[in-house]
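For reference, the structure is listed below as structure tokens.
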Amino acid sequence: MSQVVQSRRLRAIDIGKRKAEGRKIIALTAYHAHTAGIVDPYCDFILVGDSLGMVMHGMESTIPVTLEMMILQAQAVIRGTEKALVVVDMPFGSYEASREQAFLSASRVLKETGAGAIKMEGGAHFAETVAFLVQRGVPVMGHIGLTPQAVNTMGGFKVQGRAPDDERRLLEDARAISEAGAFAIVLEGIVEPVARAIATSPQVTAATIGIGASAVCDGQILVLEDMLGLSERTPKFVRQFGSLRAHIEEAVKAYADEVRAGRFPADDHTYG
């Protein structure tokens, strides 16, 4: 006799329900089991972002990140969490060639990590791929505006929406991805009036998640290390809700001073 296992995790469909109910959607990135466990009780979804290339490995962009790197860190995040939906970025080169390549990469992510959704960068030109994945059981989060994987063609990490035709283009991107079946769309680095137009458009039924976009978005996401004050440089749209870099440096200095002075380890830290 089969048994049904009930998961306590939120699913992609729950994110859509929060939009319908007018409840703000809370999200952060995480790459480790311990940090994921800390943010899990407070987040609706946790993004295992390809920003790990820059945050964890000191890369200049997200482009060198591999599918294997994403899977490894997503496995760690899953182990450290039990409530939030875990969404995994599809790295550069893992989905662009064809719909079939995208499905093979996405199915690996879901099967090998236990994550509940994937995220893809790109606008209307990827709508067909989004529909292909959704029809085959892969929940998809879109990502438009400043798309870091396209940094070389964009000419850098530039704010989007300032050119005369940008509002029409970005609205079309959001509409196409939403109609293709994406349950949510990240709006990154988009000027406030354009982001507001997208977030309030009746044609965009997917939940909108802002990062450097309008507060009108259905939810917000930040890179955890940025908002904790661990990153040396952060974009304008980041508010630092903590200053852990200074606290960590202070603790490391105190440790080094006590070791040099012979005060650590003391008797309390030594086996008799």
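Observations, loosely collected:
- Check on Glu128, open to solvent by 30 Å² or more (accessible area, probe 1.4 Å) and touching a residue at least 40 places away in the same chain (Cβ under 8 Å): yes
- Among the residues of region 4-26, those identified as open to solvent by 70 Å² or more (accessible area, probe 1.4 Å), of a type in the set (Val, Ile, Thr) and either more than 20 Å from Gly80 (Cβ to Cβ) or not in a strand (DSSP E or B) (or both) are Val4, Val5, Ile13.
- Summed over region 84-104, residues that are surrounded by fewer than 16 Cβ atoms within 10 Å (Cβ to Cβ), of a type in the set (D, E, K, R) and in a loop (DSSP other than H, G, I, E, B) total 0.
- No other residue among Ile144, Ile118 is crowded, with 22+ Cβ neighbours inside 10 Å and without any contact (Cβ under 8 Å) to a residue 40 or more places away in the chain apart from Ile118.
- Where a residue in region 176-195 is more than 16 Å from Lys158 (Cβ to Cβ) and its partner, wherever it lies, is assigned to a loop (DSSP other than H, G, I, E, B) and open to solvent by 10 Å² or more (accessible area, probe 1.4 Å), with Cβ under 7 Å and at least six apart: Ser178/Thr205; Phe183/Pro139
- From the list Ser214, Ser243, the lone residue that is among the hydroxyl-bearing types (Ser, Thr, Tyr) and either in contact with an Asp or Glu (Cβ under 6 Å, 6 or more places away or on another chain) or over 30 Å from Phe157 (Cβ atoms) (or both) is Ser214.
- Of residues in region 170-194 being under 18 Å from the mean Cα position of the chain (by Cα) and more than 17 Å from Leu133 (Cβ to Cβ), the one most open to solvent (accessible area, probe 1.4 Å): Glu188
- Which listed residue is at pLDDT 95 or above, out of contact with any His (no Cβ under 8 Å at 6 or more places or on another chain) and not in a helix (DSSP H, G or I), from Ala213, Ala131, Ala197: Ala213
- Flag: Thr29 matches the condition of being under 26 Å from Glu232 (Cα atoms) and either among the hydroxyl-bearing types (Ser, Thr, Tyr) or open to solvent by less than 10 Å² (accessible area, probe 1.4 Å) (or both).
- Scanning region 40-49 for residues that are in a loop (DSSP other than H, G, I, E, B) and either among the polar types (S, T, N, Q) or open to solvent by 10 Å² or more (accessible area, probe 1.4 Å) (or both) returns a single hit, Asp44.
- Test: residue in region 64-73 that is assigned to a helix (DSSP H, G or I) and open to solvent by 50 Å² or more (accessible area, probe 1.4 Å): yes
The values are calculated or read from the model by the stated rules, or taken from the named source; none is laboratory data. Please read all numbers here as calculations on a predicted model, not as lab measurements. All Cβ positions, glycine included, derive from the backbone under ideal geometry; neighbour counts span all protein chains shown. Each accessible area value is taken on the protein alone, full model and side chains, heavy atoms only, with ligands, DNA and RNA left out. Shrake-Rupley method; radii C 1.70, N 1.55, O 1.52, S 1.80 Å.
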